[in-house]
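A short write-up of the structure that comes next.
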Amino acid sequence: MKTISKIVILFIMIILSDNGCKNAPSSEPASKDDFNYFVEQFEDIRILKYNLPAFESLTPGQKEYIYYLSEAALAGRDILWDQNFRYNLLIRKTLEAIIESYSGDRKSEEYKAFLVYAKRVFFANGIHHHYSSDKFNPGFSKEYLVSLLNGSDLSKLPGDLGQRVDKFALFLTQILFNDDLYAKKVEQREGTDMVAGSASNFYELVTQKEVEEFYASKADPKDPRPVSLGLNSKVIKVNGKVTEDVYKSDGRYGSAIDTIVKWLGKAASVAETEMQKKEIALLIEYYTTGDLRKWDEYNVAWAGNTGSMVDYINGFIENYEDPLGMKATWEAIVNYTDLEASKRTAIITSNAQWFEDNSPIQPQYRKEKVTGVAAKVINIAMLGGDCYPASPLGINLPNADWIRKEVGSKSVTLANISNAYDKASQGNGFLEEFAFNAEEVARVKEFRTISDALHTDLHECVGHASGKLADGTDPNALKNYASPLEEARADLFALYYMTDNKMKDLGLFPDMKAGEVAYDDYLRNGLLTQIVRIKPGKDIEQAHMRCRSMISHWAYEKGKAENVIEMVTRDGKTYVKINDYQKLRTLFGQLLKEIQRIKSEGDFEAGKKLIEDYGVKIDQKLHAEVLDRYAKLNLAPYTGFINPILVPVYNTDGKITDVTVEYTDDYLGQMMYYGKNYSFLPVKN
Ligand code: ZN
């Protein structure tokens with residue numbers, strides 16, 4: 001699963017310092033401070049690019065390995081397009097042909113509207129919105145579409161479509177403009193036939209009932225290690241009989257799968273370890289046969305391989321786009337370990353006992369022996385399939401429950417992607433709008449990257465790992481309040497140490513101001529800005545948000561007598577001002593002590609009261625003000641990324657000796673390039 005939900009991705013740009021559990025920002029590459037992360041914005045989309053920190057310091061072998069895996073990550077692009085909707089590939093080829101050859105006026109408003117539409121379709125890997133799943137409104141007229149088709153060279157389209165423009169135009173206008181046709185990619189309303197109502201291409205000529213009966217007959221409820229039934233196939237009817245068209249070499253999507261397999265084979269030949277070679281061989285066997293037992297066998301091998309510098313994801317993995325939650329879309333990423341960030345987490349982890357022994361909780365609830373958890377921080381080298389261009393921020397796989405239980409899972413945070421979000425959001429006006437003054441803006445800009453990273457490290461590596469239960473306490477005693485309280489415990493542990501001299505002694509801080517920035521960001525978010533996610537009149541429900549609201553409002557109220565935190569109103573706008581950082585730290589320590597007690601003793605009532613009193617309700621007047629200020633910033637809620645270009649360097653024998661990285665700002669250009677060079681499925685008309 002993608003551990004950062006699409007909702008969080010959607011808002012991560014808004015809540016700049018919103019580090020959920022699995023969202024570690026990156027260490028900053030020293031020489032790349034002037035990297036230009038922002039590329040362009042259209043409709044509700046913002047396009048960024050990410051960089052590859054310390055890629056040069058990988059060995060030539062590792063780079064070659066990454067290169068082959070990256071080609072495999074791009075090779076399956078067409079599969080996703082076809083899975084999203086049966087006519088997506090034909091429509092994409094048509095858009096590409098128009099962009100390439102249209103001979104009419106390219107400066108007109110209608111052509112500009114067409115280009116925006118095309119960019120949105122490229123972003124969504126199809127004609128439905130990647131998040132809402134609604135079919136796009138083209139933004140230009142049917143008549144204009146016809147004139148675009150007439151003014152373009154359509155000779156490369158399949159069959160004789162190029163010669164029958166009138167007929168083709170009629171067909172295309174029906175699909176793009178008829179609101180009743182293919183309106184939603186994924187229909188999940190109860191009481192409807194979700195299979196018939198979804199435009200996604202996992203089922204054909206079958207009803208939801210037929211599909212459910214088909215898989216019910218195949219399931220073996222007694223199998224302790226069940227396969228992921230239906231994961232890699234389309235359900236169709238042959239001679240009136242319901243059957244599966246399996247994704248495999250000589251089956252559905254075979255020509256794209258064979259190309260993926262070709263590159264995986266090259267990757268295996270230069271893999272870092274024997275273990276990886278065996279693992280890739282299993283993946284190839286699965287792709288070749290479509291055998292879901294092989295897929296599980298591969299995943300067991302992949303999950304067990306945690307030590308390597310280079311890693312990847314490649315397969316039919318997430319089932320969000322199937323209304324019945326079985327069929328997986330194709331996705332891929334290639335990544336390498338962020339050594340700088342991993343050094344940082346190693347320092348914190350190796351001092352875990354010191355943090356535990358000095359924590360402000362009651363001594364009887366401290367752990368005598370605490371081992372920190374090393375969270376793996378990675379950098380993405382290539383995004384593909386359903387991870388491109390909209391990327392997750394954290395990934396936790398494999399998905400099969402029995403493998404997670406027996407072997408475990410790999411959990412990673414995507415450092416360079418998070419960093420691009422952070423950096424691109426600087427200067428979008430959000431911080432300037434909500435920070436108390438210019439001095440705070442400057443301080444946050446200077447120290448936020450390191451401050452965010454350390455907060456996340458402390459939260460993940462020692463915060464969650466600290467403390468213990470009293471003898472006999474039911475670990476499930478806190479029930480529905482367990483999750484926000486546990487997040488609060490980890491957050492407070494981090495906040496408490498953020499302004500401790502130990503951080504400087506360990507060489508983790510360039511300046512103690514970095515710790516103060518953590519407080520600025522946390523309270524501004526908890527008291528003010530995080531509620532831009534919430535619709536007027538609604539309560540806070542999400543666990544991380546409840547945690548932040550609770551900590552911030554509790555600290556505000558408890559510090560009121562000494563004016564520790566001030567809510568300042570200026571020109572009708574509310575700001576948060578911290579007057580005393582050390583007193584605030586003491587308050588964080590007190591709350592940590594209380595929440596540890598609540599957890600250790602299983603004090604449900606006290607935990608419930610904290611969350612309900614401070615974490616749930618929103619001041620309606622303040623909410624309206626914040627929403628209004630946010631709306632005026634006109635920020636795009638969805639973000640996606642342009643990939644870097646990996647260029648192999650060959651010697652005279654044709655062997656790869658190095659791989660260099662190039663970056664491009666041309667979003668449309670990359671889409672056209674991929675359309676030309678990574679299209680491996682035939683298009684039927
Ligand atoms: Zn957490």
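Note down the magnitude of the dipole of region 435-634 about its Cα centre, charges +1 on Lys and Arg C-beta and -1 on Asp and Glu C-beta and zero elsewhere, to the nearest 20 debye.
Numbers: 31 positive and 33 negative charges, 89 e Å.
Dipole of region 435-634, to the nearest 20 debye: 420 debye.
Considering only Phe430, Leu383, Asn399, the residue lying farthest towards the positive end of the dipole of region 374-436 is Asn399, judged by Cα position with unit charges set on Cβ.
Using the Cβ of Ile598 as centre and a radius below 15 Å, the other residues enclosed give a net charge of -1, where K and R count +1 and D and E count -1. Take the Cα of Ser411, step 7 Å toward its Cβ, do the same at Asn239, and the gap between the two points is 5.1 nm. Compared with the dominant principal axis of the Cα atoms in the chain, helix 165-177 is inclined by about 20°. Ignoring lysines fewer than eight residues from Lys577 along the same chain, the ones with Cα atoms less than 20 angstrom from its Cα are Lys445, Lys513, Lys558, Lys560, Lys621. Modelled spin labels at Lys277 and Asp160, positioned 7 Å past Cα toward Cβ, are 5.5 nm from each other.
In this Cβ point-charge picture (+1 for Lys and Arg, -1 for Asp and Glu), the chain has a dipole of about 460 debye about its Cα centre.
Could you tell me the distance between the Cα centroids of region 412-459 and region 142-216, to the nearest Å? Using only Cα atoms to place each centre, the spacing works out to 43 Å. Expressed as a whole percent, the accessible area of region 435-634 that falls on carbon and sulfur atoms is 47 (1.4 Å probe).
For region 435-634, would you read off the P(r) tail past 24 Å as a percentage of all alpha carbon pairs? Please list the in-between numbers first.
Numbers: 8153 of 19900 pairs.
I get 41 percent for the Cα pairs in region 435-634 exceeding 24 Å.
The spacing between region 219-276 and region 72-108, judged by their C-alpha centroids, is 25 Å.
Accessible area per residue for the chain in Å², computed with a 1.4 Å probe and the full protein assembly in place, what is it? I get 40 Å² per residue for the chain.
On full extension, the segment bounded by Ala183 and Lys222 gains 10.1 nm, given 0.36 nm per residue less the C-alpha separation.
Evaluate E = 1/(1 + (r/R0)^6) for Met309 and Val568, where r is the Cβ-Cβ distance and R0 equals 35 Å; express this FRET efficiency to the nearest 0.05.
Details: r = 49 Å, r/R0 = 1.40.
Efficiency at R0 = 35 Å is approximately 0.10.
Can you divide the C-alpha Rg of region 613-685 by 2.2 N^0.38 Å and report the result to two decimal places?
That works out to 2.12 for region 613-685.
Ordering Ala256, Met503, Gly572 by Cα displacement along the dipole of the chain toward the positive end leaves Ala256 in first place; charges were set at the Cβ atoms of Lys, Arg (+1) and Asp, Glu (-1).
Multiply the residue separation of Val661 and Ala561 by 0.36 nm, subtract the distance between their alpha-carbon atoms, and state the gained length in nm to one decimal.
Working: separation 100, 0.36 × 100 = 36.00 nm, distance 5.64 nm.
Here the answer is 30.4 nm.
Note on the chain: the C-alpha convex hull projects to 33.1 nm² when averaged across all orientations.
For Val616 and Thr207, the FRET efficiency from 1/(1 + (r/R0)^6), where r spans their Cβ atoms and R0 equals 41 Å, is about 0.45.
Given a 1.4 Å probe and every protein chain left where it sits, what share in percent of the accessible area of region 159-253 is carbon and sulfur? Write down the numbers at each step before the final one.
Working: 2730 of 5420 Å².
So the carbon and sulfur contribution to the accessible surface is 50 percent.
Note on the chain: dipole from Cβ charges, positive end direction compared against Ala442, Gly559, Ala303; the farthest Cα belongs to Ala303.
Beyond 24 Å between alpha-carbons counts as too far, so tell me which of Lys343/Lys504; Lys248/Lys684; Lys327/Lys405; Lys135/Lys632; Lys107/Lys142 fall in that bin. Result: Lys135/Lys632 exceed 24 Å.
The largest accessible area among Glu356, Glu605 belongs to the first residue in Glu605, Glu356, and the rest follow in falling order (1.4 Å probe, all chains). In loop segments of region 121-192 as defined by DSSP, the chymotrypsin sites (Phe, Trp or Tyr not before Pro) with at most 15 further C-beta atoms inside 10 Å of their C-beta are Tyr131. Placing dummy labels 7 Å off each Cα toward the beta-carbon, the span from Ser141 to Asp401 is 5.6 nm. Under 20 Å of direct C-alpha separation, and excluding same-chain neighbours fewer than eight residues apart, Lys479 reaches these aspartates and glutamates: Asp471, Glu487, Asp491, Asp539, Glu541, Glu594, Glu601, Asp603, Glu605, Glu612, Asp613.
Placing unit charges on the Cβ atoms only, positive for Lys and Arg and negative for Asp and Glu, gives region 408-482 a dipole magnitude near 260 debye about its Cα centre.
Bridging of Lys156 to aspartates and glutamates at a Cα separation below 14 Å is possible for Glu96, Glu100, once same-chain residues fewer than 8 apart are set aside.
The values are calculated or read from the model by the stated rules, or taken from the named source; none is laboratory data. No experiment lies behind these values; they were computed from the predicted model shown. Cβ: placed from backbone, ideal geometry, glycine included. Neighbour counts: every protein chain shown. Ligands, DNA and RNA are excluded from the accessible area calculation, which covers all protein heavy atoms including side chains. Shrake-Rupley method; radii C 1.70, N 1.55, O 1.52, S 1.80 Å.
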